[in-house]
Amino acid sequence: MRHAQDELVWVDKNGVVHPLGEHAAEQLRRRKDGAFRLMPTPDHVIFMRFTGQDGRRDEEDGAVVRAAGEIVSPGALCDVLALVAQAGWRGELTVRDGEHNRSIFVENGNALSARTDVEEERLGRILYRFGVIDEVGHRAILERLADGQHTGERSGERYGEAGVELGLLTHNQVYTYLARQVEEIVLASLTVADGMYCFLDGFTEAQLSSRHSISLNGLLMDGVTRMDEMRYFRQKVPSADYVPERLAGRGDPGKEFLKMWASIDGLQSVNDLARGLGFGEFETTKQLFQLVQSKHVAMQRPRLNGGPLEIVETANAVLREIHQEADTAGKGTILRNNLGSFAEGNYEIVFRDAGPYEKGTFHSQRVVDNARALAAGANVEKFLKEMLYDYVSFALFTTGSLVRRAKDQGLGKQIEPLMSRLRPLG
């Protein structure tokens, strides 16, 4: 887990660049060894591209950067995708958030292929999430790849081929879910809240792991709908770990919900149902929201780790939302400074060597271990709830004063289901 400072470099008065963080040093080491041209930019921006010693932009120096910019909030890429689709550009849209890299290959307003280093967006995990294979099958395919000295799931096609060889997948399933993977990578890119995008002109066929033709405008409309609706659905279905339970005396719902209704057993979470039904998280959440609205279903708290660990993880989930809100508004540094001043005394002991990290979260096990030592035999869960509820409440109060939103769109309303799990009793 990194802090923002890990990505900093320092430009001294002589124009020499010094990496301040290990991540910044690593990023510089990964660049080509050679000369870079310093492109003309505003004073607060540095943009360089590799040219070699001649200082000229040659074909072998890398693709031309046709467009680039900062990502400062979820949905920031919507306008970029709309532009790319409208212009009919052919090239690679790279999306990087400091931890993860995604690439989307587009041509004539369509997404053709995509790459990702996010584990949940790899082909195997998508096949698992949509219920095509189970965990045992997934591991068997990975073992087959390892035996063949392939590198994990770097290539979706290789993963698919191994699944077909083992009789766990069909060629049709592999092709269908390679296309679904492209869709999931594009939709995930739209939710990136902090990072950088570059549109690189052109690509070679060798860069494509598979070839499809998926409308960017269609994906864009789907992505915007998902983001808007998911925020709405989260008021009733706070996370994919929650467990739906039937309410007695309500009768069967409409026929469009019968498949979902028959699968609800009070034990399976939203994620479990999504895999079993093959619906995916969004469609499952949407149907459960409607069943909650009609009072056929109630959502029960997730069955996570339980005990003190669950308390810290719940606090982390809230803190991620709060810090994203502040960062999007450009108030993240003020929030972090205020929290640093607030977290004195016992907080310094409980948080020792545990964070906070860049997204405001903490290392759950270290916090629990520190709390146990400080509580000295007292009720650790009660102790943690009291401390973390006050800390999170202060973070929410500070962010609310920094970021003004309409009353019915307040952050507090969105995270109340999680706050209720932290709130101390009595």
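Observations
- Output for the range 168-197, where each listed residue is open to solvent by 20 Å² or more (accessible area, probe 1.4 Å), part of a loop (DSSP other than H, G, I, E, B) and either hydroxyl-bearing (Ser, Thr, Tyr) or closer than 16 Å to residue 124 by Cβ (or both): 168, 170, 191
- Subset of the range 43-71 (residues that are open to solvent by less than 100 Å² (accessible area, probe 1.4 Å) and part of a loop (DSSP other than H, G, I, E, B)): 45, 47, 51, 52, 54, 55, 58, 62, 63, 64
- Some residue of the range 322-338 being closer than 18 Å to residue 237 by Cβ and either not small (Gly, Ala, Ser) or not in a helix (DSSP H, G or I) (or both): no
- Qualifying residues in the range 130-161 (those that are outside any loop (DSSP other than H, G, I, E, B), of a type in the set (D, E, K, R) and surrounded by fewer than 19 Cβ atoms within 10 Å (Cβ to Cβ)) - the one modelled with the lowest pLDDT: 157
- Tabulated pairs, the range 212-224, first within 21 Å of residue 73 (Cα to Cα) and touching a residue at least 40 places away in the same chain (Cβ under 8 Å), second open to solvent by less than 20 Å² (accessible area, probe 1.4 Å) and outside any helix (DSSP H, G or I), C-beta under 6 angstrom, 6+ apart or interchain: 216/109; 216/111
- Test: residue in the range 18-25 that is open to solvent by less than 40 Å² (accessible area, probe 1.4 Å), under 25 Å from residue 214 (Cβ atoms), without any contact (Cβ under 8 Å) to a residue 40 or more places away in the chain and in a loop (DSSP other than H, G, I, E, B): no
- Filter result for residue 418 (farther than 26 Å from residue 77 by Cα, touching an Asp or Glu at 6+ places or on another chain (Cβ under 9 Å), in contact (Cβ under 8 Å) with a residue 60 or more places away in the chain and among the hydrophobic types (A, V, I, L, M, F, W, C)): yes
- If you go through the range 341-385 and keep only what is without any contact (Cβ under 8 Å) to a residue 60 or more places away in the chain, of a type in the set (Val, Ile, Thr) and either open to solvent by 50 Å² or more (accessible area, probe 1.4 Å) or more than 23 Å from residue 5 (Cβ to Cβ) (or both), you end up with just 349.
- Subset of the range 30-42 that is at pLDDT 90 or above and not in a strand (DSSP E or B) - its residue that is surrounded by the most Cβ atoms within 10 Å (Cβ to Cβ): 35
Listed here are the residues, each with its yes/no results for (1) at pLDDT 90 or above; (2) in contact with a Cys (Cβ under 7 Å, 6 or more places away or on another chain); (3) open to solvent by less than 50 Å² (accessible area, probe 1.4 Å); (4) aromatic (Phe, Trp, Tyr).
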| residue | (1), (2), (3), (4) |
| --- | --- |
| 239 | no, no, yes, no |
| 248 | no, no, no, no |
| 256 | yes, no, no, no |
| 260 | yes, no, yes, no |
| 267 | no, no, no, no |
| 270 | yes, no, yes, no |
| 273 | yes, no, yes, no |
| 276 | yes, no, no, no |
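- Test: residue 195 is under 30 Å from residue 330 (Cα atoms) and touching a Leu at 6+ places or on another chain (Cβ under 6 Å): no
- Residue list for the range 83-108, restricted to those being closer than 12 Å to residue 190 by Cα and open to solvent by 40 Å² or more (accessible area, probe 1.4 Å): 96, 97
- Failed item, numbered, when residue 353 is tested on (1) closer than 21 Å to residue 193 by Cα; (2) at pLDDT 90 or above; (3) assigned to a loop (DSSP other than H, G, I, E, B): (1)
The values are calculated or read from the model by the stated rules, or taken from the named source; none is laboratory data. Just so you know, these numbers come straight off a predicted model, no measurement behind them. Positions of Cβ are backbone-derived with ideal geometry, glycine not excepted, and every protein chain shown enters the neighbour counts. Surface areas here come from the heavy atoms of the whole protein model, side chains and all, with no ligands, DNA or RNA. Shrake-Rupley method; radii C 1.70, N 1.55, O 1.52, S 1.80 Å.
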